[in-house]
Amino acid sequence: MSEELAPGPKESPPAPRAGPREVWKKGGRLLSVLLAANVLLLACTLISGGAFNKVAVYDTDVFALLTTMMLLAMLWILFYLLRTVRCPCAVPYRDAHAGPIWLRGGLVLFGICTLIMDIFKTGYYSSFFECQSAIKILHPVIQAVFVIIQTYFLWVSAKDCVHVHLNLTRCGLMFTLTTNLAIWMAAVVDESVHQSHSYSSSHSNASNAHLASDQRAGNPVGGDSCLCSTAVCQIFQQGYFYLYPFNIEYSLFASTMLYVMWKNVGRFLASAPGHSHTPSPLSLFRETFFAGPVLGLLLFVVGLAVFIIYEVQVGGGGGRTRQALVIYYSFNIVCLGLTTLVSLSGSIIYRFDRRAMDHHKNPTRTLDVALLMGAALGQYAISYYSIVAVVAGTPQDLLAGLDLTHALLMIAQHTFQNIFIIESLHRGPPGAEPHSTPTKEPCQNLTFTNLDAFHTLPACPPTPRLVSPSSADQREAVAIISAPRSQWRRRCLRDISLFLLLCNVILWIMPAFGARPHFSNTVEVDFYGYSLWAAIVNICLPFGIFYRMHAVSSLLEVYVLS
């Protein structure tokens, strides 16, 4: 009776369990992919049609589609936050690799710049409200609300592995991802048209460019009531064009995080022993030789000066364009050459690294590798077109030689940097040494605590000299001996990561904010013609710009893992 009345040990509440496994997970994924493909093709048709003057698709049509897509995406996000995640056992697992703090921090930074861009765009279209459609003012307002809601959603839910409303969640994530891609494409097309307008104006075709701009905006030809003539209007117009790169990167960052969430829907996580690594607090200059950060900051500052000189001299016209191109190409050749050598040295250091390779399933890492390889194809294409134009073209002067060297180094730098980053992402955390099976020798792990049992083994003479140290003692001794070398390699890898990170930032700033030596240098324009060369650059360059920012994100993760 006393045993029945005795209080037993407290039982911990049961951990939340996921629901039963899906019968056909690929079917739910296929449904969401088909929905996203159809919506994306519709958006691509309208956006690309609006970029050509002969097609009767105006900005108002594109803005109406994007506004509708953002409203539907916001409705689903609110349903997810208010209904889906509040279901019992809705999120039994959270992916530790998804949505790292630097990725979410970058998303917030680009989101703030996108909000400023929407304010400038609203002010620009409000400057001549009486002759504009209301959708042009409504679109940036809706986009600002969409950015706020989506940023909060990704900040709190990026790691979720949802196990309720599976098909609805997959379709909602894919539709939101498609919405971000459509916004990205609209921004890229608008910026490309703006660059073409600038090129036409610099080549004494200002009247034709202005006519094309009026037709594309949906204004009647000859109607000058919607001209941006006031100083405030021009400030708003220039301001939101300069903020387009942040809007582009925000959309791409959000798309990558949404894709990882889509892959994690219905996913069951199993803890992998030996690979649960909690990164230390981020400190950019801790445990480094300071050579990488100092040299990287020096190149960053010099790159900003070169970019300002290039913009001023090329924008001013006259005979200073050639000098600006020589300075621009010279800096890029030095920067690309150094980053190629540093990436190659990092790969050589990994040949002496004893850390085990991490082969566990990781959707975030798989996506990072695919984006690095895919985005590099855009710059590869531009470089090979430039090589053919320079080699097969007639003029062989200094600019042609610099252009050829720049194109070759661009290919080499992308190749070796991708090798270094991908190998770094597949390395285990510090301390993850390869597991080696110890060789079993007679009398290994032998002790003398039980002499009777010992005398039953006639093959081993009873001498203390045959006592071998345990495998734990051996590993500890090896770790103590190799600790200084491991620390030296870790510092070198951190210096390399920071140097490459700063170089990729300046190599992103130059093309993202308007540096277009592809058109200022007339080698490719004369060889291919302006129309074909403009199409090549406008299609491939956005991928090259995205590659730089995604490389920055990956290198920050490499720094933490080192």
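What residue, among those in region 132-165 that are open to solvent by 40 Å² or more (accessible area, probe 1.4 Å) and in a helix (DSSP H, G or I), is farthest from Leu82 (Cα to Cα)?
Ala134
Of the conditions (1) at pLDDT below 90; (2) assigned to a helix (DSSP H, G or I); (3) open to solvent by 30 Å² or more (accessible area, probe 1.4 Å); (4) not basic (Lys, Arg), Pro469 satisfies every one except a single condition; which number is it?
Exception for Pro469: condition (2).
Going through region 111-125 one residue at a time, which ones are free of Cβ contacts under 8 Å to residues at least 40 places away in the same chain and open to solvent by 60 Å² or more (accessible area, probe 1.4 Å)?
Listed by number, the residues that qualify are Ile112, Ile119.
Please name all residue pairs, on different chains or six or more residues apart, with Cβ atoms under 7 Å, provided the first residue is in region 28-40 and is at pLDDT below 90 and the second residue is open to solvent by less than 70 Å² (accessible area, probe 1.4 Å) and of a type in the set (Asp, Glu).
Gly28/Glu22
Of the residues that make up region 232-241, is at least one more than 18 Å from Ile137 (Cα to Cα), surrounded by 20 or more Cβ atoms within 10 Å (Cβ to Cβ) and touching an Asp or Glu at 6+ places or on another chain (Cβ under 9 Å)?
Filtering region 232-241 down to residues more than 18 Å from Ile137 (Cα to Cα) leaves none.
No - not one qualifying residue is present in region 232-241.
Pick from region 514-546 the residues that are crowded, with 22+ Cβ neighbours inside 10 Å and more than 20 Å from Val314 (Cβ to Cβ): which of them is nearest to the chain's Cα centre (by Cα)?
That would be Phe546.
What number of residues in region 66-75 are surrounded by fewer than 22 Cβ atoms within 10 Å (Cβ to Cβ), more than 14 Å from Ala254 (Cβ to Cβ) and not hydroxyl-bearing (Ser, Thr, Tyr)?
The qualifying residues number 3.
Could you pull out the residue among Ser271, Ser207, Ser201 that is at pLDDT below 60 and not in a loop (DSSP other than H, G, I, E, B)?
Numbers: Ser271 fails: not in a loop (DSSP other than H, G, I, E, B); Ser201 fails: at pLDDT below 60.
After applying the criteria, what remains is Ser207.
Does Val342 satisfy the condition of being within 16 Å of Leu402 (Cβ to Cβ) and buried (at least 21 other Cβ atoms within 10 Å of the Cβ)? Can you show your working first?
On the way: within 16 Å of Leu402 (Cβ to Cβ): no; buried (at least 21 other Cβ atoms within 10 Å of the Cβ): yes.
No, not satisfied.
So which residues in region 122-132 are under 17 Å from Ala64 (Cβ atoms) and within 35 Å of the chain's Cα centre (by Cα), if there are any at all?
Initially, region 122-132 is screened for residues under 17 Å from Ala64 (Cβ atoms), giving 122, 125, 132.
Residues satisfying the conditions are Thr122, Tyr125.
Residues are listed down the side, and each one gets a yes or a no for (1) closer than 19 Å to Leu338 by Cβ; (2) modelled with pLDDT of 85 or more; (3) of a type outside the set (A, V, I, L, M, F, W, C); (4) not assigned by the TED database to the domain that holds Ala96:
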residue: Val390; (1), (2), (3), (4): no, yes, no, yes
residue: Gly393; (1), (2), (3), (4): no, no, yes, yes
residue: Gln396; (1), (2), (3), (4): no, no, yes, yes
residue: Leu409; (1), (2), (3), (4): yes, yes, no, yes
residue: Ala412; (1), (2), (3), (4): yes, yes, no, yes
residue: Phe416; (1), (2), (3), (4): yes, yes, no, yes
residue: His435; (1), (2), (3), (4): no, no, yes, yes
residue: Pro438; (1), (2), (3), (4): no, no, yes, yes
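On the given criteria, is Phe175 under 21 Å from the mean Cα position of the chain (by Cα) and either buried (at least 21 other Cβ atoms within 10 Å of the Cβ) or not assigned by the TED database to the domain that holds Val39 (or both)?
So Phe175 does not fit the description; no.
Which is assigned to a helix (DSSP H, G or I) and within 30 Å of Leu556 (Cβ to Cβ), of Thr68, Thr114, Thr45, Thr122? So that I can check it myself, show each step before the final result.
Details: Thr68 fails: within 30 Å of Leu556 (Cβ to Cβ); Thr45 fails: within 30 Å of Leu556 (Cβ to Cβ); Thr122 fails: within 30 Å of Leu556 (Cβ to Cβ).
Being assigned to a helix (DSSP H, G or I) and within 30 Å of Leu556 (Cβ to Cβ) holds for just one of Thr68, Thr114, Thr45, Thr122, which is Thr114.
The values are calculated or read from the model by the stated rules, or taken from the named source; none is laboratory data. For clarity, every value in this text was computed on a predicted model and none was experimentally measured. Cβ atoms come from the backbone with ideal geometry, glycine included; neighbour counts cover every protein chain shown. Only protein heavy atoms, including side chains, enter the accessible area calculation; ligands, DNA and RNA are left aside. Shrake-Rupley method; radii C 1.70, N 1.55, O 1.52, S 1.80 Å.
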